[in-house]
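Here is the structure we will look at, set down as structure tokens.
The values are calculated or read from the model by the stated rules, or taken from the named source; none is laboratory data. On a predicted model such as this, the values are computed, not experimentally measured, just so you know. With ideal geometry, Cβ positions are generated from the backbone for all residues, glycine too; neighbour counts draw on all protein chains shown. Just so you know, the surface numbers come from the protein's heavy atoms only, side chains and all, with ligands and any DNA or RNA stripped out. Shrake-Rupley method; radii C 1.70, N 1.55, O 1.52, S 1.80 Å.
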Amino acid sequence: MQSTAKSAVETELSLEESLSAWMDGESSDIHFSELASEQGRRTWDTYHLIGDALRNSDLAVRPSADFQARLSRALDAELPIVAPQRRRSPIRMGLSGLAVAAAVATVAWVAQPYVMGGATGPGEIRTVADASLNETPVLRDYLEAHRQMAGPSAVRQVSFDGGVGR
């Protein structure tokens, strides 16, 4: 029962949509047999009346003063739509403050070496580990064999100083 009503609505919508698209020149797909029905003829007449009223202001229907007065009274009689007040949750306020504090702490942690001067300046080289103190002959041979494959230095020095070399 419901599917029959639904398919009838879909057919009516498709007829109206296809007729509107055909009248606007956007589609060439129109079934003239559908226009022979009562619904098709009403839709055809209504769309042509709308088009005529849009093109010529003399054909447009002007509402009477009584209609405008009735409409004004009806609008005044309607209840206003009032949205409920937003409730401020203390938990939500606390969590948003905590998120801001975490963001500030993260930025401070990341920027600390640059602000405090902890980064090495130009010309300074920090030695993290020196293997030459504990070298044994076996380790020296191993390092020498791999140094030939990796180049003169197995660890490449990289500088992140922005002002140097520009």
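Restricting attention to region 22-108, which GluC sites (Glu not before Pro) occupy a DSSP loop and are surrounded by at most 14 other Cβ atoms within 10 Å? Can you show the working numbers first?
Values: sites: GLU26, GLU34, GLU38, GLU78; in loops: GLU26, GLU78.
Sparse-neighbourhood loop GluC sites (Glu not before Pro): GLU26, GLU78.
Could you pull out the trypsin sites (Lys or Arg not before Pro) across region 58-122 that fall in loop regions by DSSP (anything but H, G, I, E, B) with no more than 11 other Cβ atoms inside 10 Å?
ARG86, ARG87, ARG88
Measure off 7 Å from each Cα along the Cα-to-Cβ vector at GLN112 and LEU79, then give the distance between these two points in nanometres to one decimal.
5.9 nm
Could you check the spin-label model distance between ARG88 and SER37? Points 7 Å from the Cα along Cα→Cβ, value in nm.
A separation of 6.0 nm, rounded to one decimal place.
Write down the accessible area per residue of region 58-97 in Å², having rolled a 1.4 Å probe over the full set of protein chains. It would help to have the intermediate numbers written out before the result.
Details: 4340 Å² over 40 residues.
For region 58-97, the per-residue accessible area is 108 Å².
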